[in-house]
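The values are calculated or read from the model by the stated rules, or taken from the named source; none is laboratory data. Keep in mind it's a predicted model, so treat the numbers as computed, not measured. Neighbour counts are summed over all protein chains in view; Cβ atoms, including those assigned to glycine, are modelled from backbone coordinates with ideal geometry. All accessible areas refer to the heavy atoms of the entire protein, side chains included, with ligands and DNA or RNA removed. Shrake-Rupley method; radii C 1.70, N 1.55, O 1.52, S 1.80 Å.
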Amino acid sequence: DMGDLAAARSLADHGLATARSNNWNNPRFHALLARIDQAEGRDPAPHLAEIRAWTARTGDMQHIIEAHLLAARQMLARGDSQAALGEAETGLSHAAACGYGLLRIELLVALARIRLAWPDAPKAIQAAREALDLAAHPDCAYAWGEAYFANHELELARRAFTRALEVRRRIEHPGTAETERWLARTV
C-alpha cells in the first residue's frame, strides 16, 4: 500500500517459499503476490488460480471474497467491464453476508471504478458513497472523488479529493501527487 513493491514482492516471495517448504497450505502469499502483480501491471492469473484452488477445497470465505475482488480488478484492467461487474457483485454479496467489512469497502470502491468504465457516474457515486458511509478508511482511496468528477459535481469532487489528500499526506502515501493533480482539475 505504501508503494514499495520491490520490498513487498521480496517478502511475499520469501513467505511463499517458507510456506511451501513447511507444507503450509494457505493462499495468503498468493493474494499478496496477486495484489503486487496488479500494482505492477502484471497478470495475477497464476496466483488467482492458486487462491481459487485453495478455496475450492476449503471454503475459506475470506479468500473466496478476495479472489472475487482481485478478479474484478483484473477484468477491469483488461477492459472486460461485464466480467468485472459480475466478480465485484458476487464478492460484495459474500462480504456483506459474512461480515467482511474491509473487503466490502474494497469491493465497493472497485464497483465504483467499474461503473465509471461503463460510464455510469450515478451508480459509481452510489457505490462510492456506500463505501464512504461504511468507513472513512484510507483503503477507500478516493474513487468517490473520481465519480463526482465524472458526473460534473465539482464541489463534491473537490471535497473528496481534499479529504483524500489530507489522509495521503498524513500517511506519506506515494500517491499524494496524483491526488493533488485530481484536486487541481476541480478548480
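Summary table below
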{"item": "The chain, accessible surface, carbon-and-sulfur percent (1.4 angstrom probe)", "result": "52"}
{"item": "Förster-model FRET efficiency, 22 Å R0, THR58 and ALA97, C-beta, rounded to 0.05", "result": "0.80"}
{"item": "FRET efficiency, 1/(1 + (r/R0)^6) with R0 41 Å, evaluated for HIS152 and THR18 via beta carbons", "result": "0.20"}
{"item": "Surface accessible to a 1.4 Å probe, per residue, for the residues of region 12-99, Å²", "result": "51"}
{"item": "For ILE114, solvent-accessible area (1.4 Å; no DNA, RNA or ligand), Å²", "result": "0"}
{"item": "Region 84-102 and region 28-61: distance between their alpha carbon centers, rounded to Å", "result": "16"}
{"item": "Proximal charge balance of HIS47 [Cβ under 14 Å; K/R count +1, D/E count -1]", "result": "+1"}
{"item": "Region 27-111: GluC sites (Glu not before Pro) in DSSP loop, at most 14 other beta carbons within 10 Å", "result": "GLU40"}
{"item": "At q = 0.09, 0.19, 0.20, 0.21 Å⁻¹, base-10 log of I(q)/I(0) for region 14-169 (Debye sum, equal scatterers on each alpha carbon)", "result": "-0.31, -1.16, -1.25, -1.32"}
{"item": "Inter-label distance for LEU11 and ASN25, nm, one decimal - labels placed 7 Å from Cα along Cα-to-Cβ", "result": "2.8"}
{"item": "TRP118 - accessible surface, heavy atoms, 1.4 Å probe, Å² rounded to 10", "result": "100"}
